[in-house]
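Reviewing the structure listed below.
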Amino acid sequence: MSPSTRRGFLGFVSASAAGLLQTRAEAAPGPAAGEPACILTPQAEEGPFYSDPKLVRSDIAEGKAGVPLALRLRVIEAGTCTAIHGARVDIWHCDAKGLYSAFAGQGDAHNIDATSNTFLRGTQATDDSGWVNFNTIYPGWYDGRTTHIHFKVFLSDRTVLTGQTFLPDALNEFIYTNVPDYGDRARQRMVINANDHVIERSDPDHRAFCAVKEERDRYVATLTLGVDRRADATIGRAGPPPPPPGMRGGPPPGPPPLGMGGPMSGRPIRDRLAALVPGLKR
């Protein structure tokens with residue numbers, strides 16, 4: 001997508017979605033009296049698509065089409081609120097069509113091989129204030145999961161946090177409906193924030209939902225990650241994704257394992273619009 005075309009899409013998205021989007025930072029109440037402000041970010045499953053290509057970089061899009069997104073993460077010590085300098089932060093997410101780099105069996109038809117690619121993956125070390133910055137694109141979606149970005153935080157060689165961050169679903173829906181890079185999908189997006197199994201199990205209080213604001217030529221998503229230096233976050237590990245149903249040696253046809261996603265994942269949503277827009281009364 002050319003810069004002029006991309007800016008046009010962003011202007012259209014920003015103007016039309018402004019009435020829908022209220023960032024978590026604006027909507028969330030402050031901590032109650034006696035409640036610690038710097039709390040642990042919930043651990044969540046790593047999923048099957050983690051790979052470490054050892055790419056220390058802030059620009060991770062590699063030319064992938066999509067709406068520009070800056071992701072800013074700050075790592076702090078939970079409880080004391082102390083910024084952690086020199087923590088390693090890995091992020092990875094799918095592209096506008098739901099594809100992850102470094103794995104085969106991608107796409108709605110599970111027939112795209114991206115094993116030789118490294119797009120939308122990267123590593124940064126936190127600065128003196130605990131911040132890392134990644135320039136990427138707004139993630140797409142794939143069957144069985146809501147929109148999300150994975151992250152891991154390392155101190156020395158220990159993983160102290162494995163998690164996922166989530167974006168406002170009204171904005172997700174608008175982008176997927178109106179920006180061509182995200183369209184032309186084989187099926188409708190059935191799993192949203194309101195019925196995603198990872199959110200329901202790991203983050204019911206929405207502590208890992210990032211705040212999003214609009215800038216002239218991109219969105220900026222921000223999240224503070226509260227970690228425990230003593231933690232060893234090895235939960236949620238998963239092996240490579242299994243072959244698509246029906247392939248030799250693959251699993252029998254049917255819903256995929258928990259964490260793999262699939263058309264049958266997520267409980268049904270009766271009122272989709274009310275689920276997408278927080279506080280909507282219908």
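Listing for the model above:
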quantity	calculated
Filter result (surrounded by 17 or more Cβ atoms within 10 Å (Cβ to Cβ) and farther than 25 Å from E173 by Cα) within region 84-100	I84, A87, R88, V89, D90
Residue check, G79 over 18 Å from T123 (Cα atoms), open to solvent by 10 Å² or more (accessible area, probe 1.4 Å) and not hydrophobic (A, V, I, L, M, F, W, C)	yes
Matching residues in region 78-97 - criterion: being over 18 Å from E46 (Cβ atoms) and part of a loop (DSSP other than H, G, I, E, B)	A78, G79, T80, C81, T82, I84, H85, G86, D95, A96, K97
Qualifying residue in region 101-120 (condition: on the phi > 0 side of the Ramachandran plot, modelled with pLDDT of 95 or more and surrounded by 22 or more Cβ atoms within 10 Å (Cβ to Cβ))	yes
Positions within region 156-184 being open to solvent by less than 20 Å² (accessible area, probe 1.4 Å) and not β-branched (V, I, T), in sequence order	L161, G163, Q164, F166, L167, D169, A170, L171, N172, Y182, G183
Sole exception among (1) in a strand (DSSP E or B); (2) open to solvent by 30 Å² or more (accessible area, probe 1.4 Å); (3) over 18 Å from A70 (Cβ atoms) for D128, by number	(1)
Test: residue in region 216-226 that is open to solvent by 30 Å² or more (accessible area, probe 1.4 Å), at pLDDT below 85 and of a type in the set (K, R)	no
Selected residue (criterion: nearest to the chain's Cα centre (by Cα)) from residues of region 35-74 that are among the hydroxyl-bearing types (S, T, Y) and open to solvent by 20 Å² or more (accessible area, probe 1.4 Å)	Y50
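Results for (1) in contact (Cβ under 8 Å) with a residue 60 or more places away in the chain; (2) in contact with a His (Cβ under 7 Å, 6 or more places away or on another chain); (3) under 27 Å from L161 (Cα atoms), shown as yes or no for each residue.
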residue	(1), (2), (3)
T82	no, no, yes
V89	yes, no, yes
A96	yes, no, yes
L99	no, no, yes
G107	no, no, no
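The values are calculated or read from the model by the stated rules, or taken from the named source; none is laboratory data. Because the structure is a prediction, the values reported are computed rather than measured. Methodologically, a virtual Cβ is constructed for each residue, glycine included, from the backbone with ideal geometry; neighbour enumeration extends over all protein chains shown. Heads up: the accessible areas ignore ligands, DNA and RNA and are worked out on the full protein's heavy atoms, side chains in. Shrake-Rupley method; radii C 1.70, N 1.55, O 1.52, S 1.80 Å.
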